[in-house]
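Have a look at the structure below, then the notes.
The values are calculated or read from the model by the stated rules, or taken from the named source; none is laboratory data. In this text the structure is predicted, and so the values were computed from the model without any measurement. Every residue, glycine as well, gets a Cβ built from its backbone with ideal geometry; the counts of neighbours run over all protein chains shown.
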Amino acid sequence: MNKEPLGNLNYSFKYKNAINSFKKPETYSAKIELYRASLNNIFFTPNSTNLSIYHRLNPHLNKLYKTYWELIEDTKSRQKNISVLNNYCDNLNETDLTFLGLITEGAQGLVTGNNSKYLAIICNSEEEELKILRLLVNKLLIEGVLIEHDVNLRNKNIFYELAEKLKKDTGKPSLFGKFFLYKTVRYTDVIDFESLSLEEQLNGCEREVWVNYNRGNENGYKWYVPHVECIKWHKATVKELREATVTNSRWQGANYYNTSGFGWVDYFTNDLKGFFIEPCPYSKNVVKMHSVSRISDKYILALLNSKFGTYYIKNFITTTHTLQINDGKLFPIITDETYKKELEDLVDKVLTLKSSNETSSIKNIEKKINSIVYKIYNLTLEETRVVDSEYLYIEK
């Protein structure tokens, strides 16, 4: 984040019109002072839309950066300055411009050290369960700890015990494959984490229960990530994971297990893919961000997933296809109470449709979200059409 001094030069930027490759390339010129004053010294095409957005947002963002960045650059800095940041959030006014990093906090999640010991695949039928169990049995046969005539698929707990003993004896927790889970739980037997008492959420339950577990978003879902895995949330299990004596576990992110939040797929090409995270334990593959201000997680998610969100990130935050956490903290958030409830309701509709696999009307809802976001950031019609090539059709 350190800004290196730049020479006193003028730069010209050229690009070809993507619609008509035979058109003469347009040329833009800008003084280097423009980029010296930009966050991260990002070089952007100085067309009229970008210059308008830059002059509208950058001066105030620069002041915020100089005042607060060292307070939010990492977790230790945030904790050290928590009272200052809480006071800042408490005094945010309607239509204030702020950074995502100033109004949120978060952390990586849990490392179990032995996924197949603590996690299970959520199944919808006996056929699914038997298919996974047969895979485990085949692996045990190959390892020689099981012989064919001993196989009785009704005694799945015996196979689980054999697998755990073999992993312990060999000292290889991922003996069967790092991502191979062989335990299964019916979706009707998975408990809602929010239904547990605070004591149970923190320390586990007296009875053996399974709760949803978020192991990441490797498939690149937008808005909503289906729950396909669960974790045993028994007192003994939680104790083992906390103490890291049974497995090489790391107890991380526990302060956010019982909160909602959001994350994003850090690598993107066309559109940023942000997703909502429901309260539940989650893995190190997720950096869960959570709002600590009156601005909700769903409102922030709507801004990030809008076409303007991707446009701003690509032009003013990163020149790569990767949005790291510290870069994401620089995303500008406008606290517009006028549209807050409407955006939250639209996000709720998308999440409901996504969770039930009814996706046919989601595109129209996203168009409504985009239209609201353009108003929040005060884009003109001309700027909106640069950001969103489909906007002409929305207006009809």
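Observations on the model:
- Scan of the range 244-284 for residues that are outside any strand (DSSP E or B), surrounded by 15 or more Cβ atoms within 10 Å (Cβ to Cβ) and out of contact with any helix residue (DSSP H, G or I) (no Cβ under 9 Å at 6 or more places or on another chain), ordered by number: Gln252, Gly253, Tyr256, Val265, Lys284
- Scanning the range 118-136 for residues that are in a helix (DSSP H, G or I) and surrounded by fewer than 22 Cβ atoms within 10 Å (Cβ to Cβ) gives Glu126, Glu127, Glu128, Glu129, Leu130, Lys131, Ile132, Leu133, Arg134, Leu135.
- Between Leu303, Leu330, Leu343, the distinction of being in contact with a Pro (Cβ under 9 Å, 6 or more places away or on another chain) and more than 21 Å from Asn214 (Cβ to Cβ) belongs to Leu303 only.
- When Thr49, Thr45 are screened for being at pLDDT 55 or above and either part of a loop (DSSP other than H, G, I, E, B) or touching a Ser or Thr at 6+ places or on another chain (Cβ under 7 Å) (or both), only Thr45 passes.
- Options Leu241, Leu181, Leu196, Leu153: the member that is surrounded by 13 or more Cβ atoms within 10 Å (Cβ to Cβ) and out of contact with any Ser or Thr (no Cβ under 6 Å at 6 or more places or on another chain): Leu196
- Looking across the range 292-307, the residues that are in a loop (DSSP other than H, G, I, E, B) and either closer than 24 Å to Phe268 by Cα or not aliphatic (A, V, I, L, M) (or both) come down to Ser293, Arg294, Ser296, Ser306.
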